[in-house]
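Visitor: Can you read through this structure? Questions will come right after.
The values are calculated or read from the model by the stated rules, or taken from the named source; none is laboratory data. Computed from a prediction, not measured in an experiment: that's the story for all the values here. Glycine gets a Cβ as well: all are built from the backbone with ideal geometry, and neighbour counts include every protein chain shown. For accessibility, only protein heavy atoms count, side chains too; no ligands or nucleic acids. Shrake-Rupley method; radii C 1.70, N 1.55, O 1.52, S 1.80 Å.
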Amino acid sequence: MLRLPVQRFDLQRFHYDMDSPVDALTLVSDGRALIGLYFVEHRHAPPADDRGARVGDNDLADHPIFVTARDQLDEYFAGQRRDFDVALNPHGTAFQHRVWAALRTIDFGQTASYGQIAAAIDSPSASRAVGAANGRNPISIIVPCHRVIGGNGSLTGYGGGAPRKQALLDLERSVTGASLF
């Protein structure tokens, strides 16, 4: 039997590294949308080899997704942006996509518990599964998994580390003047 090689139609991946007030960030794109945004030592980040070719500042004109994402992140960190509209294409299961969509409904400066997210996606007994999907969110900050807290108001885990989660929540609290807990 003749076996043909499996053809892959994945778009080529690229990555761009940028500084931020909470640490260096790596943005990953498939050429059409942002597919990843990771911190240094991010718990579930793909290996460096899976991030594609590095794009430098001089080559950004060829990668408008990175320009848009970088500009919007800079505005977020300056307290001038609360919502993002960069094109996103996170890779995950159908359940993960439901959780990540629910995360995007948590308003800037607000928090929600894992149980509240589970209820919002019509899976009220799935708070642990929501936590797992939250932890696998490949697009930190823009898909605001940092806004999810424990049912008792505790910070709980964060793929980028608890200090970064606290810093992001503090940033939003400083802009809104709201109490997050």
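Visitor: Quick one: which residue in Ile142, Ile106 is in a loop (DSSP other than H, G, I, E, B), aliphatic (A, V, I, L, M) and open to solvent by less than 10 Å² (accessible area, probe 1.4 Å)?
Guide: So the residue among Ile142, Ile106 that is in a loop (DSSP other than H, G, I, E, B), aliphatic (A, V, I, L, M) and open to solvent by less than 10 Å² (accessible area, probe 1.4 Å) is Ile142.
Visitor: Which numbered condition trips up Ala119, out of (1) open to solvent by 20 Å² or more (accessible area, probe 1.4 Å); (2) in contact with a strand residue (DSSP E or B) (Cβ under 7 Å, 6 or more places away or on another chain)?
Guide: Condition (2) is where Ala119 drops out.
Visitor: Name the residues in region 35-67 that are β-branched (Val, Ile, Thr) and either assigned to a loop (DSSP other than H, G, I, E, B) or over 10 Å from Arg13 (Cα atoms) (or both), would you?
Guide: Val40, Val55, Ile65, Val67
Visitor: While we're on this one: May I ask you to say which residue of Arg32, Arg70 is among the charged types (D, E, K, R) and either open to solvent by less than 50 Å² (accessible area, probe 1.4 Å) or not in a helix (DSSP H, G or I) (or both)?
Guide: Arg32
Visitor: Restricting attention to region 76-100, which residues are assigned to a helix (DSSP H, G or I) and open to solvent by 60 Å² or more (accessible area, probe 1.4 Å)?
Guide: Those that are assigned to a helix (DSSP H, G or I) and open to solvent by 60 Å² or more (accessible area, probe 1.4 Å): Ala94, His97, Arg98.
Visitor: Return only the number of the condition from (1) within 20 Å of His91 (Cα to Cα); (2) in contact with a strand residue (DSSP E or B) (Cβ under 7 Å, 6 or more places away or on another chain) that Ala132 does not satisfy.
Guide: (2)
Visitor: Considering region 13-29 alone, what residues qualify as being assigned to a loop (DSSP other than H, G, I, E, B) and either in contact with a helix residue (DSSP H, G or I) (Cβ under 8 Å, 6 or more places away or on another chain) or hydrophobic (A, V, I, L, M, F, W, C) (or both)?
Guide: Arg13, Ser20, Pro21, Val22, Asp23, Ala24
Visitor: So, one more: Here is a list of conditions, (1) open to solvent by 30 Å² or more (accessible area, probe 1.4 Å); (2) modelled with pLDDT of 95 or more, and Glu41 meets all of them except one; can you say which number that is?
Guide: (2)
Visitor: Look through Gly160, Gly151 and report the one residue that is of a type outside the set (A, V, I, L, M) and either in a helix (DSSP H, G or I) or open to solvent by 50 Å² or more (accessible area, probe 1.4 Å) (or both).
Guide: Gly151
Visitor: Taking region 76-92 on its own, how many of its residues are closer than 19 Å to Ala33 by Cα and without any contact (Cβ under 8 Å) to a residue 24 or more places away in the chain?
Guide: Qualifying residue count for the region: 1.
Visitor: Given the conditions (1) open to solvent by 10 Å² or more (accessible area, probe 1.4 Å); (2) without any contact (Cβ under 8 Å) to a residue 40 or more places away in the chain; (3) β-branched (Val, Ile, Thr), report the number of the one that Thr176 does not fulfil.
Guide: In the conditions (1) open to solvent by 10 Å² or more (accessible area, probe 1.4 Å); (2) without any contact (Cβ under 8 Å) to a residue 40 or more places away in the chain; (3) β-branched (Val, Ile, Thr), Thr176 misses (2) alone.
Visitor: Something else now. Which one is modelled with the lowest pLDDT, of the residues in region 127-161 that are farther than 19 Å from Tyr38 by Cα and in contact with a Phe, Trp or Tyr (Cβ under 8 Å, 6 or more places away or on another chain)?
Guide: Among residues in region 127-161 that are farther than 19 Å from Tyr38 by Cα and in contact with a Phe, Trp or Tyr (Cβ under 8 Å, 6 or more places away or on another chain), the one modelled with the lowest pLDDT is Gly153.
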